[in-house]
Amino acid sequence: MRTIKSAKAFFKVLLVMMPLTVSASETVWDFTVDGVNDPTFTQTGNSFGNTLSTSNNGIDVTISAWSNTGNGQTVESAFLDTNRYGLLNTNRNSGDGHYIDNGGPEDFVLLSFSTAIRLTGVNFGLTWSDNDFSIAAFNSAPTFSGQTWDSVASSAIFKSSFSQFTTGSHDLSSFVGTEARYWLIGAYHAAFVPLLGNYGFGDNNDGFKLAGITTLSNSVQEVNAPFGVGLLGLAAIFYMRRRQKA
C-alpha cells in the first residue's frame, strides 16, 4: 500500500513539473456577406432581438444589436443584419438607417465570445463622413433591459472612444490591453469616453458598418511532447520496479 501511495505522489510531482506554454493567437473576423468567402452565420430570429453566430479559429461569437430607443432613452433590442459592407443595426425608430449610428438613438452591437479575447482591430466597410465610435468590455454579460447607456458604461471594466476613423482597417492594439468575453462596439456615446475629457468628439453624425474585427486570445498548450513522454516513461519504470520489490 505504501508503494502505491509513493508512486501516486511521484506521478503528481511529474505532472506539476511538466511545462505549460501560453501562446497568443490572432483571429481575423469577417462579418461581410457578398457571396464570396462568406462567413457561416447562424441566425436566431428575424426581428428585433435576433442574433447572428459564427465561429473562427476555435472561438465562437454571438452578436446582437441594441439601441437606446426606450422611454427615457433606455436600451432596447434592435434588429441585426449584415451585407457586403458588414454588420448593421436597425433600431425601433421609424425610418432608422441601416448603419450602426447615432443620428438619433445611439446604436451598438454586443459581441459575446466563448472565451476571453482582446480587441486589437476594427474594420469599417462603410462610414459616414464623421465617424467617432465607442467600445466597452465586460466581465459578464451586461444587462440592457431598463438601463441607459450611462448605466451600462458604468459596469464596464474598460471603455474608450475613438475619433475620425474612416472606412478600412484600424489597429487598436496600442490602445486596448483588456481581455474579456463581452465587447460592445457602437457609434460614439459620451458615456464611453474616459474620465480625462471629451477630446472633441461630436455626436449625431457618426455611423458605420462593421466589416470585421481582429482579436487576440491566449491559449494554454499542454506539455512539450518529447519531455513529457520521457518523464512518464521514467515514472512507469520506477513504479514497476517498486511494485516488483514489494
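The values are calculated or read from the model by the stated rules, or taken from the named source; none is laboratory data. Just so it is clear, the structure is predicted and the values come from calculations on it, not from any experiment. Ideal geometry is used to build each Cβ from the backbone, glycine not excepted, and the neighbour counts take in all protein chains shown.
Annotation note: of 140, 169, 151, the sole residue that is within 24 Å of residue 90 (Cβ to Cβ) and among the polar types (S, T, N, Q) is 151.
Look at segment 28-53: where a residue is assigned by TED's automatic domain parsing to the domain that holds residue 144 and aromatic (Phe, Trp, Tyr) and a partner is surrounded by 14 or more Cβ atoms within 10 Å (Cβ to Cβ) and modelled with pLDDT under 90, sitting 6+ places away or on another chain with Cβ atoms under 7 Å, you get 31/39.
Summed over segment 138-153, residues that are in contact with a helix residue (DSSP H, G or I) (Cβ under 8 Å, 6 or more places away or on another chain) and assigned to a helix (DSSP H, G or I) total 4.
In segment 149-175, the residues that are under 15 Å from residue 74 (Cα atoms) and in the same structural domain as residue 101 (by TED's automatic domain parsing) never reach a residue that is of a type in the set (S, T, N, Q) and assigned to a strand (DSSP E or B) with C-beta atoms less than 8 angstrom apart, at least six apart or across chains.
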